[in-house]
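In what follows, a structure is listed as C-alpha cells, so that the remarks can point back to it.
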Amino acid sequence: GAVVSQHPSWVICKSGTSVKIECRSLDFQATTMFWYRQFPKQSLMLMATSNEGSKATYEQGVEKDKFLINHASLTLSTLTVTSAHPEDSSFYICSATPQGAPRGYTFGSGTRLTVV
Amino acid sequence: GDSVTQMEGPVTLSEEAFLTINCTYTATGYPSLFWYVQYPGEGLQLLLKATKADDKGSNKGFEATYRKETTSFHLEKGSVQVSDSAVYFCPLTGGGNKLTFGTGTQLKVEL
C-alpha cells in the first residue's frame, strides 16, 4: 500500500514552453504532498508543500510564478514549470503520506526534466 | 533549525564487507528519523525508520538505532552486495511534517 505515482518519468521541452508534472496517490488520500528538486549528485531541496484545496506553501527562494502547484483533489497534485529555461533542468520528486500514518512518507519515482 | 549531517561519499566497499554510514542530527524536541535509498534515476524508497530514542529500525539486512545521547542514527549492514549500490539519505521530521535532508551518501559496492 501507500503508492505514489509520478508522471511523466522524463520529459524534454524547448525553452519558453511549460511542462506539467503529475503526482498521484494511488491507494490513499493525501491532503498534503511535497515537491522536491534534486540537482545531480546532490540532496533533495524542498520546493513547496502542496495543500489540497488551498494555496501551496513555497520555501524561501522558490519562485511561485515559475513553479505553479495545484492540488485540486485528495489524490492529485500537479507541478507546472512555466516558461522553462535550461537552468530548470533537474530531477523533480514528489512525496505524500497517508493520513494517520506514523510519519511515513512515500515518494514518487521522479521526473527528469531537460530543457533545450 | 533542524539539520542532518551525513558522512561524505562515495563510500566504496567490496562485496560482503561491513557497512556503516554515519548520520548525526540537530533538532529540537524528539524527531522521527529515517533512512531512504535512491537507486540511479529513481525516486526514494523508505528503508527503515525510528520514532523514539533507543528504537532500532531494520529492513533487508540494514539496521539503525536512534541514539539520543549522541544524536545519531548510523546505518549498518553486515554484508553488502553489489545491488546495494545507491545513494542513502537519513532525513528527519521535527515538530512539523516536513522531511529535512542531509546531503546523502553514495555507496558503491564492487565485486
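Overview of results
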quantity	calculated
Residues being part of a strand (DSSP E or B) and touching a residue at least 60 places away in the same chain (Cβ under 8 Å) - total across segment B:6-21	7
Residue among A:Ala30, A:Ala72, A:Ala56 that alone is in contact with a strand residue (DSSP E or B) (Cβ under 6 Å, 6 or more places away or on another chain), more than 24 Å from B:Cys90 (Cβ to Cβ) and more than 9 Å from chain B (Cβ to nearest Cβ)	A:Ala56
Residue tally, condition more than 7 Å from chain A (Cβ to nearest Cβ) and either surrounded by 17 or more Cβ atoms within 10 Å (Cβ to Cβ) or in a strand (DSSP E or B) (or both), over segment B:22-44	12
Test: residue in segment B:70-78 that is crowded, with 16+ Cβ neighbours inside 10 Å, assigned to a strand (DSSP E or B), of a type in the set (Asp, Glu) and touching an Asp or Glu at 6+ places or on another chain (Cβ under 9 Å)	no
Qualifying residue in segment A:83-99 (condition: surrounded by fewer than 19 Cβ atoms within 10 Å (Cβ to Cβ) and among the β-branched types (Val, Ile, Thr))	no
Any hit, segment B:58-71, residues being modelled with pLDDT of 95 or more, over 17 Å from A:Lys41 (Cβ atoms), under 14 Å from the mean Cα position of the chain (by Cα) and of a type in the set (Phe, Trp, Tyr)	yes
Scan of segment B:38-47 for residues that are in contact (Cβ under 8 Å) with a residue 24 or more places away in the chain and in contact with a Lys or Arg (Cβ under 9 Å, 6 or more places away or on another chain), ordered by number	B:Leu47
Every residue from segment A:80-116 that is within 29 Å of A:Ala2 (Cα to Cα), away from chain B (no Cβ under 14 Å) and assigned to a strand (DSSP E or B)	A:Thr80, A:Val81
Whichever residue in segment A:1-57 is among the hydroxyl-bearing types (Ser, Thr, Tyr) and farther than 21 Å from B:Thr100 by Cβ and, among such residues, is surrounded by the fewest Cβ atoms within 10 Å (Cβ to Cβ)	A:Ser54
Any pair with Cβ under 9 angstrom, 6 or more apart, that starts in segment A:15-43 at a residue that is within 17 Å of A:Thr111 (Cα to Cα) and ends at one that is surrounded by fewer than 18 Cβ atoms within 10 Å (Cβ to Cβ) and among the charged types (D, E, K, R)	A:Met33/A:Glu52
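The values are calculated or read from the model by the stated rules, or taken from the named source; none is laboratory data. Note that the structure is a prediction, hence the values are computed from the model and not measured. Please note: Cβ atoms are built from the backbone with ideal geometry, for glycine as well, and neighbour counts cover all protein chains shown.
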